[in-house]
């Protein structure tokens, strides 16, 4: 009787083969769950990086647009405020906006803080008046196109040349294009795009790397130029 009970108990257990099959099935299921989790986590991180990049791009454009719109501001017509240099990769302009004398009017010069402005790239940083004042990071390309007041307007720096000094007084508007990238790479992604400005000129060749990039263009009418 004891022997029969032992056989019955042994027969109710799992064989080694059955255990291995169960372990294999559980492993496949867990691997699938992990792949789904990893894909979702990766997608979330990429979206977070892209959102931060787009915010960085919009903020950079906001600061430049605000300042460049004031280029040449000279309420009393006695400061000489103007567009100073107009290059494809940088811009320098002045404005008379400070009232040092306390009269309620600008003081007639462009030598005060925030009256002589230069925007350019330092490495991959967009800087305002030198490398010590970073406006935005991870900017791969900047491009300025200068237009006159004709209808339709003429491009004063075709092909990305610098605007000759004789034509700088003819500038009435500026088209800015920025290309920004994410702060981290995305493994498995490759950016093969060529980025162009609104004129169709390439400003950033294909980088063939794993950064996500976005391009943003804006058009600024410099209301104080040509008055």
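Every read-out reported here was derived from the displayed coordinates using simple, explicitly stated rules and does not represent laboratory data. The structure displayed is predicted, hence computed values, not measured ones. Glycine also receives a Cβ, built like all others from the backbone with ideal geometry; neighbour counts cover every protein chain displayed.
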How long is the gain from residue 89 to residue 14 if the chain were fully straight, where each residue apart is worth 0.36 nm and the alpha carbon distance is subtracted? 19.6 nm
Compute the angle between helix 16-68 and the longest alpha-carbon principal axis of the chain, please, reported from 0 to 90 degrees and rounded to the nearest 10. 10 degrees
Mind grabbing the base-10 log of I(q)/I(0) for the stretch 102-227 at q = 0.10, 0.12, 0.18 Å⁻¹? Debye formula, identical points on the C-alpha positions, no solvent, two decimal places. -0.43, -0.59, -1.10
Determine the gain in length on full extension of the stretch residue 30-residue 151; use 0.36 nm per residue of separation and subtract their C-alpha separation, reporting nm with one decimal. 37.0 nm
Residue order, fewest to most surrounding Cβ atoms within 10 angstrom, among 117, 194: 194, 117
Can you sort 14, 93 from fewest to most other Cβ atoms within 10 Å of each residue's own Cβ? 14, 93
Using the Cα atoms of the chain to build a convex hull, what is its mean projected area in square nanometres? 21.7 nm²
Nearest 10 degrees is fine. How inclined is helix 2-11 to the longest principal axis of the chain, computing both from alpha carbons? 30 degrees
Between rounded, prolate and oblate, where does the stretch 52-111 land on the alpha carbon gyration tensor, with a ≥ b ≥ c its root eigenvalues, rounded for a/c under 1.5, else prolate if a/b exceeds b/c? oblate
With label points set 7 Å from each Cα along the Cα-to-Cβ direction at residue 189 and residue 118, the distance between them in nm comes to 3.5 nm
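With a cut-off of 8 Å between alpha carbons and a minimum separation of six or more residues, what is the relative contact order of the chain in percent?
Answer for the chain is 18 percent.
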What number do you get for the stretch 79-156 when its Cα radius of gyration is normalised by 2.2 N^0.38 Å, N = residues? 1.33
Fewest to most neighbouring Cβ within 10 Å: what's the order for 37, 62? 37, 62
